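Asks: The structure under discussion is supplied below as C-alpha cells; questions concerning it will follow.
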Amino acid sequence: MFDLGMGEITLILVVAVVVFGPEKLPEVSRALGKGVREFRKALRDVEKAAEQDAAAGEERDKSHGKQDG
C-alpha cells in the first residue's frame, strides 16, 4: 500500500513520541487502529451494497427485456 522503508517508519515513530509523549502513544495507537478498522468495515459495507444494487439492476433489466421482446 505505502512504500515505506525502515528509515521512514523510524522517523514517523520518533515524531509520534515527540508529539504525543510515551504515555499517550499506546492510547493514540489504539484509537487510530480502531478508526482504520471501522473505516475498512464501512468501505466493505458500501462495496457490498453497490454489488447488490448492481445485481438487482441486472436482474431487473433481464426481466424487463423478456417482457418487452
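Asks: For Cα Rg over 2.2 N^0.38 Å, pick the label among [x] 1.31; [y] 2.08; [z] 2.70 that corresponds to the value derived from the coordinates.
Replies: [y]
Asks: Taking the Cα atoms only, what angle lies between the long axis of helix 6-68 and the longest principal axis of the chain, rounded to 10 degrees?
Replies: 0
Asks: Considering the chain as a Gaussian network with a 10 Å cut-off on Cα pairs, which listed residue, Glu59, Glu27, Glu38, attains the greatest mean-square fluctuation?
Replies: Glu59
Asks: So if each residue of separation counts as 0.36 nm, and I subtract the Cα-Cα distance between Val36 and Ala49, what length gain in nm does that give?
Replies: Difference between extended and current length: 2.7 nm.
Read the figures in this text as sums done on the coordinates, not as results from a lab. What you are looking at is a predicted structure, and each value in this text was computed from that prediction instead of being measured.
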